[in-house]
Amino acid sequence: DAGKKSFSVVIAGGGSTYTPEIILMLLANLDRLPLCCIKLYDNDGERQGLLAPAVKILIEERDPSIEFVATTDPEIAYTDVDFCLAHIRVGKLPMRELDEKIPLKYGVVGQETCGPGGLAYGLRSIPGVIENIDYMEKYSPNCWMLNYSNPAAIVAEACRRLRPNSRVINICDMPIGLEDSFARILGFQSRKQLDYRYFGLNHFGWYTSVKDPEGNELLPKLVGHELKYGNTMPGESMDDYTDHTWYDTALKVKDIVSLDPSMAPNSYLQYYLFPDDMVAHSDPHYTRANMVMDGREKRVFGECARIAEAGTAAGTTLKIGIHAEFIVDLATALAFNTHERMLLIVPNNGAIENFDPEAMVEIPCVVGKDGYEPLSIGKIPTFQKGLMYEQVCVEKLVADAYEQHSYLKMLQAMTLSKTVPSANVAKKILDELIVANEGYWPELH
Ligand code: NAD
Ligand code: LMR
């Protein structure tokens, strides 16, 4: 509609495999969030260059009035922008591969955000995210950063400590995926028809209520299903999922929920509660990083090359990022004061009454023009509190290690992680990760 303000966005980590689907999602939502400019920013111009020509075509064919810029220059990227959508991966997929494979050599969970690999990724990500926040504040002080760079929990803790007053909102798409499954299980068209109560840390939490539009509580029905089928549907098989790891994860919810059938768990808890099963089901020579490099990365870059060559995106196989819709929801809430309720990663500050006020927790918040207001959660039970406190201390120790360049803090973080069986193993994994992360980590002593 004429007169509605239009916005300028920069995507940090422009060379990400997720960039095209985010672009398609932004283009599909222009009626809600009008855009006058889309910029891609990456510190690896070559990688971003593999996507940028196709992105330019996607935008031109949808709305030629939108200005498009792809750059490696932070000043060009961050000047005159209203929103930064940040999805950087410091070290890119080859470092993810090492994060996953090094712990697995010692029989420990090898995962992008959980366990020693996630801690290693955290120590790499902190400076990258802080650098982008600083560019944003220098060139567009009123810009909001919607940050979904992983590992979100550690990155959020670093933001809380190092840039406490910055306009950064940390958010994750995992709850969206879970809520999609819940809607399916409960027979609703869309996750947005349901109201949720949730508490926890990022990749580490529980739904305590799922209500229909009339306010009826559906959690017992949901948990009843999960105890039988996990988050799969009766009769489903591996072939109904993008790959077997997502099917296994949906099925494993059955075991997780049996530890407390009063709540519906985040499926990432499988790595903390059943690390032995996770390791037994991993191939130490072929991990998620390999699947992503052989799958999504080849597919996305290949299709972008085809579009650039053809000079048109007609008939493209690129798909809109449906999960990524939450990013438009968040930007729209900030831009137009919608007061939408969303799960964000925010300082606890009393929201969970019996939990560390200085922890970064994932809880429902109301989002409007001036940012977010967390909802009060009240007291949480001992089992969840104990698990969460151990994990939040692990995350804080990684931030300590970053700030103090401390080997000891990093060793303590690895030792305390529920995924690691002993300090001996923690030390072996850490020493190998130090060598692998040379040039990315601060020098630890
Ligand atoms: P990718 O390796 O394909 O792309 C990441 C890009 O970031 C690369 O092009 C890299 O050059 C760039 N980059 C690295 N450091 C940078 C810096 N300091 N400044 C600017 N750009 C930088 O990675 P991917 O698999 O597409 O994932 C991107 C990120 O998004 C990861 O952190 C991933 O875990 C995260 N992710 C988060 C969610 C969520 O909801 N939380 C969902 C999906 C992916
Ligand atoms: C990915 O790169 O696919 C991740 O964001 C999630 C996963 O599949 O490990």
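Rule-based calculations on the coordinates, nothing more; no lab input. This one's a predicted model, so the numbers in the text were calculated from it and none came from an experiment. No Cβ is skipped: glycine too gets one built from the backbone with ideal geometry, and neighbour counts run over all protein chains shown.
Of a type in the set (S, T, Y) and within 13 Å of ligand 2 (Cβ to nearest atom) - does that describe any residue in the range 281-299? Yes; the residues of the range 281-299 include at least one that is of a type in the set (S, T, Y) and within 13 Å of ligand 2 (Cβ to nearest atom). Scan the range 253-270 residue by residue and report those that are buried (at least 20 other Cβ atoms within 10 Å of the Cβ) and more than 11 Å from ligand 2 (Cβ to nearest atom). V253, I256, V257, M263, A264, P265, N266, S267, L269, Q270, listed by residue number. Checked against (1) within 16 Å of ligand 2 (Cβ to nearest atom); (2) under 30 Å from V9 (Cβ atoms); (3) in contact (Cβ under 8 Å) with a residue 60 or more places away in the chain, I363 passes all but condition (1). For the range 272-305, the candidate set comprises residues that are away from ligand 1 (no atom under 13 Å from the Cβ) and hydrophobic (A, V, I, L, M, F, W, C); within that set, the residue that is farthest from V394 (Cα to Cα) is A305.
Going residue by residue through the range 239-255, is there one that turns out to be without any contact (Cβ under 8 Å) to a residue 60 or more places away in the chain, in contact with a Pro (Cβ under 8 Å, 6 or more places away or on another chain) and part of a helix (DSSP H, G or I)? Outline the logic, then answer.
First pass over the range 239-255, keeping only residues without any contact (Cβ under 8 Å) to a residue 60 or more places away in the chain: 239-249, 251-255.
So of that shortlist, the ones also in contact with a Pro (Cβ under 8 Å, 6 or more places away or on another chain) come out as 253.
With the extra rule that they be part of a helix (DSSP H, G or I), the set shrinks to 253.
Checked the range 239-255: at least one residue is without any contact (Cβ under 8 Å) to a residue 60 or more places away in the chain, in contact with a Pro (Cβ under 8 Å, 6 or more places away or on another chain) and part of a helix (DSSP H, G or I).
Residues of the range 178-193 that are touching a His at 6+ places or on another chain (Cβ under 9 Å) and either surrounded by fewer than 19 Cβ atoms within 10 Å (Cβ to Cβ) or not in a helix (DSSP H, G or I) (or both): D180, L186. The residues of the range 90-145 that are of a type in the set (S, T, N, Q), within 19 Å of R163 (Cα to Cα) and either in a helix (DSSP H, G or I) or within 16 Å of ligand 2 (Cβ to nearest atom) (or both), listed by number, are S125, N132. Taking the numbered list (1) touching a helix residue (DSSP H, G or I) at 6+ places or on another chain (Cβ under 6 Å); (2) away from ligand 2 (no atom under 16 Å from the Cβ); (3) of a type in the set (G, A, S) in turn, S8 passes all entries but (1).
Has the range 121-131 got at least one residue that is on the phi < 0 side of the Ramachandran plot, away from ligand 1 (no atom under 11 Å from the Cβ) and either basic (K, R) or within 21 Å of the chain's Cα centre (by Cα) (or both)? Full working, then the answer.
Quick first cut of the range 121-131, residues on the phi < 0 side of the Ramachandran plot only: 121-131.
Checking which are away from ligand 1 (no atom under 11 Å from the Cβ) leaves us with 123.
Among the residues that remain, those that are also either basic (K, R) or within 21 Å of the chain's Cα centre (by Cα) (or both) are: 123.
Yes: the range 121-131 contains one or more residues that are on the phi < 0 side of the Ramachandran plot, away from ligand 1 (no atom under 11 Å from the Cβ) and either basic (K, R) or within 21 Å of the chain's Cα centre (by Cα) (or both).
Residue-by-condition table, conditions (1) more than 10 Å from ligand 1 (Cβ to nearest atom); (2) touching a residue at least 60 places away in the same chain (Cβ under 8 Å); (3) farther than 16 Å from A86 by Cβ:
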{"position": "G15", "(1), (2), (3)": "no, no, no"}
{"position": "M25", "(1), (2), (3)": "yes, yes, no"}
{"position": "D31", "(1), (2), (3)": "yes, no, yes"}
{"position": "L35", "(1), (2), (3)": "yes, no, yes"}
{"position": "L40", "(1), (2), (3)": "no, no, no"}
{"position": "D44", "(1), (2), (3)": "no, no, no"}
{"position": "L51", "(1), (2), (3)": "no, yes, yes"}
{"position": "A54", "(1), (2), (3)": "yes, yes, yes"}
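Output the residue which, of all residues in the range 26-50 that are away from ligand 2 (no atom under 16 Å from the Cβ) and part of a helix (DSSP H, G or I), is farthest from E131 (Cα to Cα).
Step one: filter the range 26-50 for residues away from ligand 2 (no atom under 16 Å from the Cβ), giving 26-46, 48-50.
Filter once more, keeping what is part of a helix (DSSP H, G or I): 26-28, 45-46, 48-50.
On the way: L26: 25, L27: 28, A28: 30, G45: 17, E46: 20, Q48: 18, G49: 21, L50: 24 Å.
Among those that are away from ligand 2 (no atom under 16 Å from the Cβ) and part of a helix (DSSP H, G or I), it is A28.
Among the residues of the range 166-179, are any closer than 25 Å to G371 by Cβ and free of Cβ contacts under 8 Å to residues at least 12 places away in the same chain? So far as the range 166-179 goes, no, none of its residues is closer than 25 Å to G371 by Cβ and free of Cβ contacts under 8 Å to residues at least 12 places away in the same chain.
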